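S.K.: My questions will all concern the structure given below.
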Amino acid sequence: MITDLDTYRRDLILALRVRDVPGDRIGEIVAEVESHVADTGEDPHEAFGPAREYAATTTGLARSRWGWTDLAVAVAAGAAGWLLAGGLLGLVSGTSLGPLRPWAAVALGLAVAAPTVVHLRRTTSAVRDPRTGRDMAPFPRWAPWLLGGLLALPVAVAAVVLVAFS
Amino acid sequence: MQIDESWPSDWLRAVLPLSVLAVVAEEETYGYAVAQRLREAGLGAVKGGTLYPVLNRLEEDGLMRSSWREGAGGPGRKFFTVTAAGRAELAGRTTAWHLFTGRATALLPSLEDSR
């Protein structure tokens with residue numbers, strides 16, 4: 001029963017997220033489902049129908065399509081990553097990234113990354129539980145470490161290779 | 001008659017917003033209690049997936065307002081009350097509903113004929 005509700009809740013949050021529903025509204029909808037199911041003892045799937053269908057009927061929204069903003073964010077993230085990785089590698093190995101000096105590449109990478117991260121943080125509001133004010137879908141504690149590690153790994157491997165062969 | 005409790009779904013869809021508004025106008029209440037009240041009134045079992053969008057729609061239209069409150073030992077519940085605009089809407093719609101259903105009923109064959 002508990003696992004049923006957990007799965008339903010996760011599916012519902014995801015289905016509302018891909019419809020670009022604001023975090024506070026998602027929290028409200030999920031809390032209604034939880035509260036109703038706690039009162040009736042019903043299966044959420046039975047009472048509210050499939051999570052994806054309920055997300056569609058209750059908001060009247062379709063899945064959001066990729067737009068130009070998303071494309072710009074993806075390109076900016078890719079460019080920032082490439083500049084930062086290339087610049088940092090350049091700083092370690094002493095070679096430059098095409099016409100750019102390593103420090104210039106790092107600076108440019110940071111200049112592109114900062115507004116991109118700010119934009120992403122602003123557009124993805126937290127799913128706030130209206131009953132407790134707590135975040136319903138918190139970012140796992142290990143996630144920043146994993147992301148940081150994934151970014152640092154190629155740099156570290158390249159640095160080791162460069163040091164070993166020089 | 002055994003047609004009770006299994007009304008055509010488009011009938012329910014038409015009457016639900018007004019019925020829900022009427023139930024909430026009786027007293028401040030929450031989702032599950034509204035569903036129970038509708039069932040007791042003989043409208044059948046209204047599922048959560050149907051009821052909550054109606055409640056939220058009425059709130060969006062400014063006919064109700066809601067607040068979350070901690071239940072006794074249980075999880076919080078969202079309580080709804082009718083606004084002044086909601087009472088006015090209920091009064092107007094109730095008059096219109098009686099007129100409308102009266103005219104529709106007058107159009108139908110009498111119960112003796114339909115047996």
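S.K.: Can you tell which of A:GLY67, A:GLY78, A:GLY109, A:GLY94 is on the phi > 0 side of the Ramachandran plot and either away from chain B (no Cβ under 14 Å) or of a type in the set (Ser, Thr, Tyr) (or both)?
M.R.: Values: A:GLY67 fails: on the phi > 0 side of the Ramachandran plot; A:GLY78 fails: on the phi > 0 side of the Ramachandran plot; A:GLY109 fails: on the phi > 0 side of the Ramachandran plot.
Only one candidate passes the filter, namely A:GLY94.
S.K.: Scanning for something among the small types (Gly, Ala, Ser), free of Cβ contacts under 8 Å to residues at least 12 places away in the same chain, in a helix (DSSP H, G or I) and over 23 Å from A:ASP135 (Cα atoms), does the stretch A:35-42 turn up at least one residue?
M.R.: Scanning the stretch A:35-42, I find no residue that is among the small types (Gly, Ala, Ser), free of Cβ contacts under 8 Å to residues at least 12 places away in the same chain, in a helix (DSSP H, G or I) and over 23 Å from A:ASP135 (Cα atoms), so the answer is no.
S.K.: B:ALA96 - would you say it is at pLDDT below 95 and not charged (D, E, K, R)? Write out each step before concluding.
M.R.: On the way: at pLDDT below 95: no; not charged (D, E, K, R): yes.
Here the answer is no, as B:ALA96 does not meet what is asked.
S.K.: State whether the residues of the stretch B:57-64 include one that is in contact (Cβ under 8 Å) with a residue 12 or more places away in the chain, closer than 23 Å to B:SER9 by Cα and not charged (D, E, K, R).
M.R.: The answer is yes; a qualifying residue exists.
S.K.: Let me ask something else about it. Restricting the search to the stretch A:136-157, which residues are part of a loop (DSSP other than H, G, I, E, B) and in contact (Cβ under 8 Å) with a residue 60 or more places away in the chain? Before you say what the answer is, go through the steps one by one.
M.R.: Within the stretch A:136-157, the subset part of a loop (DSSP other than H, G, I, E, B) is A:136-142.
Hits for the stretch A:136-157 are A:MET136, A:ALA137.
S.K.: Determine the pairs where a residue that is among the acidic types (Asp, Glu), located within the stretch B:74-97, has a partner that is modelled with pLDDT of 95 or more and surrounded by 15 or more Cβ atoms within 10 Å (Cβ to Cβ) with Cβ atoms under 8 Å apart, the partner being 6 or more residues away or on another chain.
M.R.: B:GLU89/B:LEU21; B:GLU89/B:LEU63
S.K.: Across the stretch A:117-135, what is the total count of residues that are within 21 Å of A:SER64 (Cβ to Cβ) and either assigned to a loop (DSSP other than H, G, I, E, B) or of a type in the set (Asp, Glu) (or both)? Lay out the reasoning, then the answer.
M.R.: The first filter runs over the stretch A:117-135 and keeps only residues within 21 Å of A:SER64 (Cβ to Cβ), leaving A:117-128.
Remaining after also requiring either assigned to a loop (DSSP other than H, G, I, E, B) or of a type in the set (Asp, Glu) (or both): A:124-127.
So the count comes out to 4.
S.K.: Still on this structure, I have one more. Among the residues of the stretch B:35-67, write down those that are within 13 Å of chain A (Cβ to nearest Cβ) and over 21 Å from A:ALA55 (Cβ atoms).
M.R.: Within the stretch B:35-67, B:GLN36, B:ARG39, B:ALA45, B:SER67 meet the criteria.
S.K.: Related question: Can you pull out every residue in the stretch A:62-80 that is surrounded by 14 or more Cβ atoms within 10 Å (Cβ to Cβ) and more than 16 Å from the chain's Cα centre (by Cα)? Spell out the reasoning first.
M.R.: Narrowing the stretch A:62-80 to residues surrounded by 14 or more Cβ atoms within 10 Å (Cβ to Cβ): A:73, A:76-77, A:79-80.
Scanning the stretch A:62-80 gives A:ALA79, A:ALA80.
S.K.: Also, quick follow-up: Scan the stretch A:19-27 and give yes if some residue there is over 15 Å from A:ASP129 (Cβ atoms), at pLDDT 90 or above and crowded, with 20+ Cβ neighbours inside 10 Å, otherwise no.
M.R.: Within the stretch A:19-27 (the criterion being over 15 Å from A:ASP129 (Cβ atoms), at pLDDT 90 or above and crowded, with 20+ Cβ neighbours inside 10 Å), the answer is no, since none of the residues qualifies.
S.K.: Evaluate the following for A:LEU5: is it surrounded by 13 or more Cβ atoms within 10 Å (Cβ to Cβ) and either in contact with a Leu (Cβ under 9 Å, 6 or more places away or on another chain) or more than 20 Å from B:TRP68 (Cβ to Cβ) (or both)? Give the derivation first.
M.R.: On the way: surrounded by 13 or more Cβ atoms within 10 Å (Cβ to Cβ): yes; either in contact with a Leu (Cβ under 9 Å, 6 or more places away or on another chain) or more than 20 Å from B:TRP68 (Cβ to Cβ) (or both): no.
So A:LEU5 does not fit the description; no.
S.K.: List every residue pair whose Cβ atoms sit under 9 Å apart, with the two residues 6 or more apart in sequence or on different chains, where the first one lies in the stretch B:13-33 and is under 21 Å from A:ILE29 (Cβ atoms) and within 14 Å of another protein chain (Cβ to nearest Cβ) and the second, anywhere, is buried (at least 18 other Cβ atoms within 10 Å of the Cβ) and small (Gly, Ala, Ser).
M.R.: B:TYR30/A:SER35; B:TYR30/B:SER66; B:GLY31/A:SER35; B:GLY31/B:GLY48; B:TYR32/A:SER35; B:TYR32/B:GLY48
Here's the yes/no breakdown for (1) among the basic types (Lys, Arg); (2) surrounded by 12 or more Cβ atoms within 10 Å (Cβ to Cβ); (3) closer than 21 Å to A:ARG25 by Cα; (4) over 21 Å from the mean Cα position of the chain (by Cα):
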{"residue": "B:GLY42", "(1), (2), (3), (4)": "no, no, no, no"}
{"residue": "B:GLY49", "(1), (2), (3), (4)": "no, yes, yes, no"}
{"residue": "B:VAL54", "(1), (2), (3), (4)": "no, yes, yes, no"}
{"residue": "B:GLY62", "(1), (2), (3), (4)": "no, yes, yes, no"}
{"residue": "B:ARG65", "(1), (2), (3), (4)": "yes, yes, yes, no"}
{"residue": "B:LYS78", "(1), (2), (3), (4)": "yes, yes, yes, no"}
{"residue": "B:ALA85", "(1), (2), (3), (4)": "no, yes, no, no"}
{"residue": "B:LEU108", "(1), (2), (3), (4)": "no, no, no, yes"}
{"residue": "B:GLU112", "(1), (2), (3), (4)": "no, no, no, yes"}
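The values are calculated or read from the model by the stated rules, or taken from the named source; none is laboratory data. Just so it is clear, the model here is predicted, and its values are computed rather than measured. Here the Cβ is made from the backbone with ideal geometry for all residues, glycine too, and neighbour counts use every protein chain on show.
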